[in-house]
Amino acid sequence: MEHTERILAIMDARNITAYKISKDTGISESLFSKWREKPSSRVSSANLVRIAVYLDCSVDYLLGRTDTPNVNKSLKES
């Protein structure tokens, strides 16, 4: 799964529109539209961090390096 597919899946599950996340993060709304048309692994590190903070999940989760969305949650379970 591409990074953008994971981001879009979270947005869909939480009913977050491209307009809303764009407005709140300063990331171009058109970027999310491009990702819907053609998922990509090309996400700048700055945007990846902004999105992770906004979605309250780890960058590792967005990158597919873990299936646990929140770092703090995984630490509590240990």
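The values are calculated or read from the model by the stated rules, or taken from the named source; none is laboratory data. What you see is a predicted model; the values in this text were computed from it and never measured. A quick note on method: Cβ atoms are made from the backbone with ideal geometry, for glycine too, and the neighbour counts reach across all protein chains shown.
I need the helices (runs of 4 or more DSSP H) fully contained in segment 1-72, keeping only those with at least 2 residues that are touching a residue at least 60 places away in the same chain (Cβ under 8 Å) and among the hydrophobic types (A, V, I, L, M, F, W, C).
The helices (runs of 4 or more DSSP H) meeting that bar number zero.
Which ones in segment 38-78 are of a type in the set (Asp, Glu), closer than 23 Å to residue 23 by Cα and either at pLDDT below 80 or over 13 Å from the mean Cα position of the chain (by Cα) (or both)?
Of everything in segment 38-78, nothing turns out to be of a type in the set (Asp, Glu), closer than 23 Å to residue 23 by Cα and either at pLDDT below 80 or over 13 Å from the mean Cα position of the chain (by Cα) (or both).
Take segment 7-37 and flag every residue that is at pLDDT 95 or above, out of contact with any helix residue (DSSP H, G or I) (no Cβ under 6 Å at 6 or more places or on another chain) and polar (S, T, N, Q).
Correct list: 15, 17.
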